[in-house]
Every structure is written in C-alpha cells, then in structure tokens.
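Right, one structure below, let's go through it.
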Amino acid sequence: MGPVWDGAGKRLDLGRTRVMGILNVTPDSFSDGGEFLSLDRALRRALAMVEEGAAIIDVGGESTRPGAQPVPEAEELDRVIPVIEALAGTLSVPISVDTSKPGVMEAAARAGAGMINDVYALRRPGAIEAARATALPVCLMHMQGEPRTMQQDPRYGDVVGEVKRFLAQRMKACTAAGIPRERIIVDPGFGFGKTLAHNVGLLRRLGEFQDLGVPVLVGISRKSMLARVAGAPAMGRLYPSVAAAVIAAINGARIVRAHDVGPAVEALAMVDAVYGD
Ligand code: 7PM
C-alpha cells in the first residue's frame, strides 16, 4: 500500500498504523470564551496531539453524534476554516476536514487542508465533484441511515459483506468521477447505524476490508460500544479505546482515529514492533 500525500505537500506515511488526532470545533467542545480564545485552545490542543505522535489532525465542526441536528454551512465554515488556516501554517502534519458539505470541502482545501473525511462517503449532491476538484485524498465512511435516526433498529443480513459492498460502490463512483483509487481511504463507520453485535462483527473481521485494496481507517475511540463491552469503564473509555485500536491495527487498519493520542501511539508502537516489517 503506497503512501498518501496531501495537497499541501505534507506526507502521510502509511507504512505502519498512524494515529489521527480528533479536534472537535463544535460549540460543546470549545464553548463561549470568545472567538480567539476558542481558536487558541484548538491550536494548543492540536499541537499537543502532534507532540504525542499524531500523524494527522481531523478537524470537525458538525456533530455527527446519533440524534444530532445538521449544522448550517455558514456556521460550519465559521467554526472550521479559521482553525484549519491556523493549523496549516503551524503544524508539521496534514490536516483532515471532517465534513459532508461540498462548500466546506472546497474552502478547507483553500485554507490548507490535506484530506477530506466524509461520514457520508461523498453521497451529498456536489460532494464528489468538490472533492475531485480539491485533488485531496478522501476517506469514505459507511453509515446506514443518517445521524438523527441511524441508531433506531439498524439491520443487516451480513454486516461485513454489506459494508464492504457499499464501500466498493462508493470507490467505483469516485473513480468514475475522476478521483483515482490512490487517493481513497475506506472506513467501516463504527457506531454509524450499527448495533453492538454489528460493531463487534466488523472489528472481528476487519481484515476482510483489505480486499478493497486501499488503506483502512477506523474510528472507535470513546464510542458507546466500548462502555457496553467494558461496563462503565474507568478513565473515560480510555482502556477499551486503546484495546480496540490495537485490534484494528493487528487486523490491518492503517489509520486509527483517536481522542487520546499518546496512549494510542504507544500501544501501536507495540503492534509495529511485533507485527511490522
Ligand atoms: C458523538 C458521537 C460525537 C460520535 C462524535 C462522534 C468517525 C468519523 C466520527 C469515524 C470517520 C466521533 C464521532 N466518527 N470519521 N467521525 N470515522 N472517518 O467519535 O468512525 O468522533 S464522529
């Protein structure tokens, strides 16, 4: 699997599993205190994650939590673009933008983003064209339904087969629209329209996603499935998050999305020492 390059020329080497640090710029995470204080806090948080070993920072301004309401484009732009601009000029690592909106993709690319992370897998009208125009790598994530209702009775016949088929279809739509497969990353979308059994099945059989022939990204950090397995865990779901990251890496994930970057980086160093080449 070749390395993925970002548009701003910052390299992301996927020769071993890398950690993507999560930077939420939603009002619930960086609330009031004024515009500049929240920008400063976001910058400091991103720098801390890079110091802990993050190879990429994922900036998101639209909460996709189950039951969440959509955010208007103007508000999402106001949240993420100043942060991306500041990070792009400061950080040594590429910046990913977590968005489904074509206008945000284009503005983020102009502001220096190096990757597009879309939980809708570029299904929104105009998203494929916008992503293609940026020439940036894209992460296509699987989701059944939409955030507001996706956790109301999700069903699959064969969850792994269906998620793989969806991702293969989205890859095909992307290549047909002019996004080369060298620029595509796929993600089974843990927690997005899935029961605990679906999530566990996906993690158990994550290795089967290698068949798609592109890097696999996994986001499990702090998700509710961990609490349901570990039972009101101590340390805010940290230990089950790290365990899930290790399982994902052993099963071929090239990028692990994490809130707690340092612990994930240290754990993945063990995976690399034992299983890496
Ligand atoms: C509440 C619940 C807030 C869940 C935020 C979330 C993924 C992602 C998210 C993922 C990719 C979170 C999620 N999850 N992008 N964005 N893969 N590619 O845990 O699993 O941050 S939002």
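The values are calculated or read from the model by the stated rules, or taken from the named source; none is laboratory data. Note that the structure is a prediction, hence the values are computed from the model and not measured. Heavy atoms of the whole protein, side chains included, go into the accessibility calculation; ligands, DNA and RNA do not. Shrake-Rupley method; radii C 1.70, N 1.55, O 1.52, S 1.80 Å.
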Under Stokes-Einstein, with the Kirkwood radius over Cα pairs standing in for Rh, what whole-number D in µm²/s applies to the stretch 238-277 at 4 °C and 1.567 mPa s? 130
In Å², what does the accessible area per residue of the stretch 4-275 work out to with a 1.4 Å probe? 43
Karplus couplings for the stretch 107-116 from phi (6.51 cos²θ - 1.76 cosθ + 1.60, θ = phi - 60°), rounded to Hz, Gly and Pro as x? 5, 5, 4, 5, 7, x, 5, x, 7, 10
For G219, list long-range residues whose amide hydrogen, built 1.01 Å from N in the peptide plane, is under 5 Å from its own amide hydrogen. G189, F190, R257
Normalised contact order of the stretch 4-275, rounded percent, pairs of Cα under 8 Å and 6 or more residues apart: 20
Provide the percentage of antiparallel DSSP beta bridges, counting only those with both residues in the stretch 4-275; round to the nearest 5. 5
Consider just the alpha-carbon atoms of the chain and return their Rg together with their Dmax, both in angstrom. 17.3, 49
State, in angstrom, two size descriptors of the stretch 172-277 derived from its alpha carbons: Rg to one decimal place and Dmax to the nearest whole number. 14.6, 47
Between A48 and M270, what is 0.36 nm times their sequence separation minus the Cα-Cα distance? Round to one decimal in nm. 77.8 nm
Leaving out ligands, DNA and RNA, what percent of the accessible area of the stretch 4-275 is carbon and sulfur, probe 1.4 Å? 52
Rounded to the nearest 500, the 222 nm mean residue ellipticity computed for the chain from DSSP H runs (n ≥ 4, each -39500 (n - 2.57)) alone is -13000 deg cm²/dmol
Taking amide hydrogens as modeled 1.01 Å from N in the peptide plane, which residues meet the under 5 Å criterion relative to R18, leaving out close sequence neighbours? I255, V256
Residue-wise HN-Hα coupling along the stretch 122-133, computed from phi with Karplus coefficients 6.51, -1.76, 1.60 (Hz; x: Gly, Pro): 6, 8, 5, x, x, 6, 4, 5, 5, 5, 4, 4
Cα-based count: Lys pairs in the chain below 28 Å, eight or more positions apart or different chains? 11
